[in-house]
1. Mind checking which aspartates and glutamates have their Cα closer than 17 Å to the Cα of K48? Skip sequence neighbours fewer than 8 apart in that chain.
2. Nearest 10 degrees, 0 to 90: what angle lies between the long axis of helix 14-32 and the longest principal axis of the chain (Cα atoms)?
3. Over the Cα atoms of the chain, what is the Rg over Rh ratio if Rh follows Kirkwood?
4. Would you mind working out the magnitude of the charge dipole of region 3-90 relative to its Cα centre, with +1 at each Lys and Arg C-beta and -1 at each Asp and Glu C-beta, to the nearest 20 Debye?
5. Pull out the extension gain between R8 and Q42, defined as 0.36 nm times the separation in residues minus the alpha carbon to alpha carbon distance; nm, one decimal.
6. Could you calculate the contour length gain from Y27 to K66, that is, 0.36 nm times the residue separation minus the distance between their Cα atoms, to one decimal place in nm?
7. If you average the sequence gap of Cα pairs under 8 Å that are 6 or more apart and divide by the length of the chain, what percent do you get for the contact order?
8. Round to the nearest 10 and give me the degree value, 0 to 90, for the angle of helix 75-90's Cα axis relative to the longest principal axis of the chain.
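Every number here is computed from the coordinates shown, using simple stated rules; none is lab data. Worth saying up front: this structure is predicted, and the values here are computed from it rather than measured. Cβ placement follows ideal geometry from the backbone for every residue including glycine, while neighbour counts extend to all protein chains displayed.
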Amino acid sequence: MNTIDISREHDLGDEDCQHALEELSGYLHQQLGAVVDTTPTQLVFKGKGFSGSVTIGPGLVSGHIKLGLLARPFKRQLEAEITRQLDARLDA
């Protein structure tokens with residue numbers, strides 16, 4: 001399978017949700033070279049070998065990432081890093 005779907009419950013307020021998205025946007029852009037479009041509740045991103053979105057709403061954050069052919073062999077490692085980054089930002 002060439003997708004990663006992740007969802008997490010959270011208890012962040014609106015300001016903390018916005019801050020979490022800003023941090024994640026910075027990480028995607030600076031560390032992974034992704035182009036990121038941001039709205040107050042969603043990130044849509046595209047990088048070399050991957051694309052996806054992260055949506056944060058009251059009590060729930062969800063992400064959907066599509067992996068390109070070259071990224072597929074690294075799915076487990078990518079999923080672990082995505083989970084780590086998401087959990088770090090939701091632990092505000």
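1. Here the aspartates and glutamates satisfying the reach criterion relative to K48 are D37, E79, E81.
2. Helix 14-32 and the main axis of the chain meet at about 20 degrees.
3. With Rh from the inverse mean 1/r over Cα pairs, Rg/Rh is 0.95.
4. 700
5. Value of the extension gain: 10.8 nm.
6. 12.3 nm
7. Numbers: 137 pairs, mean separation 31.6, N = 92.
Normalised by residue count, the contact order of the chain is 34 percent.
8. Between helix and principal axis, roughly 10 degrees.
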